[in-house]
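Report on the following structure.
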Amino acid sequence: METERIKSPEGVRTLMAELWANLIAGKRSKCSNVYMVDLPEPTEEEKREMTINRANRKPVVIDEKELKVAIDKAATELGGW
């Protein structure tokens, strides 16, 4: 598995443009590529919003069977793993 580290918004933009261009050209990308994006620290305003969102979030309880069905459905809709 290859790992590529991306350290800027421009790097993410470039990667997404390349992936899109390859898709349009019919080239398949390697399934084993992993992209790690170094995000900047959140601002104080973003931290406040995250805290509010966490407080308002309702817990999701899902059993193992439902989880498998949801994962299989998502994988099917996305065209596999």
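The values are calculated or read from the model by the stated rules, or taken from the named source; none is laboratory data. This structure is a prediction, so every number in the text was calculated from the model and none was measured. In case anyone asks, the SASA skips ligands and DNA or RNA and just uses the protein heavy atoms, side chains included. Shrake-Rupley method; radii C 1.70, N 1.55, O 1.52, S 1.80 Å.
Quick notes on this one:
- LEU23 being at negative phi, open to solvent by 100 Å² or more (accessible area, probe 1.4 Å) and either in a loop (DSSP other than H, G, I, E, B) or of a type in the set (A, V, I, L, M, F, W, C) (or both): yes
- Verdict on GLY80 being at pLDDT 85 or above and in a loop (DSSP other than H, G, I, E, B): no
- Checking each residue in region 39-57 for being among the hydrophobic types (A, V, I, L, M, F, W, C) and under 25 Å from GLY11 (Cα atoms) picks out only LEU39.
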